[in-house]
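Structure record follows, encoded as structure tokens.
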Amino acid sequence: MKRSRNALYLLVSLRLANLRTITASSPKATSISRCKPGQYTNSTDPNTLCSPCPAGRYGMTGTSTSDCTGPCAAGYYCPIGSTSPHQEPCGGIEYYCEEGTPKQQKVPDGYYSLPMVSPASTILDDKISEMYRASIKLCEKGYWCKSGKRYSCSEYGTYGIFTGLSRSTCTAPCPKGKYCIPTSPIPILCPAGTYGNEKGNQNPQCSGNCSKGFYCPEGSTKPTEFPCPPGIAGEEEGLRDSTCSLNCDLTRSHCIPKVCMEGYYCPSNSTSQKQIECGEAGKYCPRGSSNYTNVSSGHYSIGVASIKGSYQVQDDVTTRSGQAICEKGTYCMKGTRYACTAGTYGATEGLSTATCSGFCKAGWYCPQQSIRATQRICGSSKVYCPVGSSSPVKVSIGYYSIGGNGPSTRTNQANCPPGSYCTDGVRYLCPAGTYGSSSGLSTRECDGPAEPGHYTIEGSTSSKYAPCPAGRYGIAGMKDPLCMGQTVGHWTPPGSSDPDANECGGDMCYCPEGSITPQNVSVGFYSVGGTVTTRTGQQRCNSYQRTPPLGPKMVELCPSSTRTNETEVPLDVDYYIEPTQQYRYNYTYRKQ
């Protein structure tokens, strides 16, 4: 510390030496007298005493006038008898010494002292200037002055609108929303983007930057002065206006706000472009949304992953950004798009119920997302489509398709009735030779063939539709009255199934083709064909003359089986045959 003080005094001494040299050459110096430096006398009498130079002046040598060498230099004061213009430094900033000052002058309140102006001023002047104050000045607006020193009102959180202030309170404390600096005597509004929530701000930063999500115009008094408008995000601190953006041109006449992103909504004072997710499928948020929007009836929400015209995915269910009207063939509920279910159709846009436009028309079927009641024709008789069909229904076994305008538009099925069979949805009559006594038959064999000895026509419901006619026989499955054919050498009653069941009888009878009973051989005829019991015809004995010969002669002339009369009887009278014995070949005939 001593070293620093010694250095300072050395610098002062050097400066004083320079100043003395300058002053010695001043034209104000008077002629040298016999007096010592700091004294003067105007008497030539050597016995007269010299007087000290008056205060405020100095005498480098003895002079002859009271003006001595000249006035004390500014920044210094000169007591009586001073020998140098720099006799005593003025002493401190609270004092000032104008030129010719006899003693220190205290700086009045409201003023501050100024350093002397030195012709040989150097940078060292600033370090020693407080010791050599040469004048005073009225305290300017925005400052207060005390003990010769000037202070900024703003340093004390105040402002000063008058000159000559002498207290730190100045005019008043710097109000909230403003700051005070020395260069401005009146408070300045805190810049846009900042706020001043306390008194006494001293710089443009005031109390700090405006909070995120809010903006602060000039003079704001709190960090949340105004919330950023809905739909806009204030992501930075220090926002200046309602655009809540720092992305502006140089003049700030055009700023690009950070609007809320698609799929999100931003209420007032939002701090992110993704402040709140839109929420669910029944809501959507376009770009710049301040709140979610409910999806309209008959519409569905769309987004980045769930695009228009496609079914939605879960990836973006909470961040949908728009809506689209439900297309034909679909319906929409609570913002979700669904395909019209199979069996229904959607003929118009904007449907909002699961029934869509209604049920598919009978005879047609509607796959999922159909747009017409007649979306697809049912197809063939093998299938049928009732009202609301999602696909053709295969006709059940033993059933046939009915309804519609033809085989391709069947609407229902029915059980195959007796007398018919059904296959591939088509009803057919049981073929001749078969019968169908039950319902639900599915093969052309129906319930089976006609009973032996009987025949059935097409569509018969009984195995005994009709017996084979007398003279004919039939095995199982006969289709018409002809049955299998006629018997020969045998006879058949109605309903016969065995052509050999009834032999004709003996030589006295014969059974030609189709016989319903044996026929007696005519008198004068003998039976021929077959065996003795299965004669098939008769032949006249050519040797027979009216009355059959008797005895051996007959044997010689006709076969033994020739029918004869033992007595003369009319040729047209047959032998009597007992009804119960008429078919026996060994029956003994007698005359009628």
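Quick notes on this structure:
- Residue list for the range 56-76, restricted to those being small (Gly, Ala, Ser), touching a Cys at 6+ places or on another chain (Cβ under 8 Å) and within 17 Å of ALA134 (Cα to Cα): GLY56, ALA74, GLY75
- Residues being surrounded by 18 or more Cβ atoms within 10 Å (Cβ to Cβ) and either out of contact with any Gly (no Cβ under 6 Å at 6 or more places or on another chain) or more than 20 Å from SER289 (Cβ to Cβ) (or both) - total across the range 242-258: 4
- Remark: pairs (first residue in the range 241-263, modelled with pLDDT under 90; second residue open to solvent by less than 40 Å² (accessible area, probe 1.4 Å) and small (Gly, Ala, Ser); Cβ separation under 7 Å; 6+ apart in sequence or on different chains) = CYS255/SER245.
- Test: residue in the range 263-278 that is within 30 Å of LYS199 (Cβ to Cβ), surrounded by fewer than 17 Cβ atoms within 10 Å (Cβ to Cβ) and not hydroxyl-bearing (Ser, Thr, Tyr): no
- Filter result for TYR300 (open to solvent by 30 Å² or more (accessible area, probe 1.4 Å), at pLDDT 95 or above and not in a loop (DSSP other than H, G, I, E, B)): no
- Residue match in the range 562-569 (condition: open to solvent by less than 50 Å² (accessible area, probe 1.4 Å), within 28 Å of ALA476 (Cα to Cα) and either part of a loop (DSSP other than H, G, I, E, B) or modelled with pLDDT of 80 or more (or both)): no
- When residues in the range 39-65 are screened for being part of a loop (DSSP other than H, G, I, E, B), closer than 30 Å to VAL107 by Cα and either open to solvent by 50 Å² or more (accessible area, probe 1.4 Å) or among the hydrophobic types (A, V, I, L, M, F, W, C) (or both), 3 of them pass.
- Within the range 422-451, being open to solvent by 60 Å² or more (accessible area, probe 1.4 Å), over 23 Å from SER401 (Cβ atoms) and not polar (S, T, N, Q) holds for PRO449, GLU451.
- Test: PRO548 is open to solvent by less than 30 Å² (accessible area, probe 1.4 Å), at pLDDT 85 or above and more than 30 Å from GLY459 (Cβ to Cβ): no
- Flag if GLY404 is of a type outside the set (Phe, Trp, Tyr), open to solvent by less than 40 Å² (accessible area, probe 1.4 Å), touching a strand residue (DSSP E or B) at 6+ places or on another chain (Cβ under 9 Å) and in a loop (DSSP other than H, G, I, E, B): no
- Selection status of GLU155, surrounded by 18 or more Cβ atoms within 10 Å (Cβ to Cβ) and touching a residue at least 24 places away in the same chain (Cβ under 8 Å): no
- Residue in the range 182-204 that is nearest to the chain's Cα centre (by Cα), counting only those that are assigned to a loop (DSSP other than H, G, I, E, B) and of a type in the set (S, T, N, Q): ASN197
- Residues satisfying the stated conditions in the range 203-212, i.e. crowded, with 20+ Cβ neighbours inside 10 Å and under 11 Å from CYS190 (Cβ atoms): CYS206, CYS210
- Filter result (in a loop (DSSP other than H, G, I, E, B) and not hydrophobic (A, V, I, L, M, F, W, C)) within the range 66-76: SER66, ASP67, THR69, GLY75
- Checked against the criterion of being assigned to a strand (DSSP E or B), small (Gly, Ala, Ser) and over 28 Å from GLU130 (Cα atoms), the range 77-100 contains not a single residue that satisfies it.
- Among the candidates TYR179, TYR132, TYR215, residue that is aromatic (Phe, Trp, Tyr), open to solvent by less than 30 Å² (accessible area, probe 1.4 Å) and within 60 Å of the chain's Cα centre (by Cα): TYR179
The values are calculated or read from the model by the stated rules, or taken from the named source; none is laboratory data. Just so it is clear, the model here is predicted, and its values are computed rather than measured. Quick reminder, even Gly has a Cβ in these numbers, built from the backbone with ideal geometry, and neighbours come from all protein chains shown. All accessible areas refer to the heavy atoms of the entire protein, side chains included, with ligands and DNA or RNA removed. Shrake-Rupley method; radii C 1.70, N 1.55, O 1.52, S 1.80 Å.
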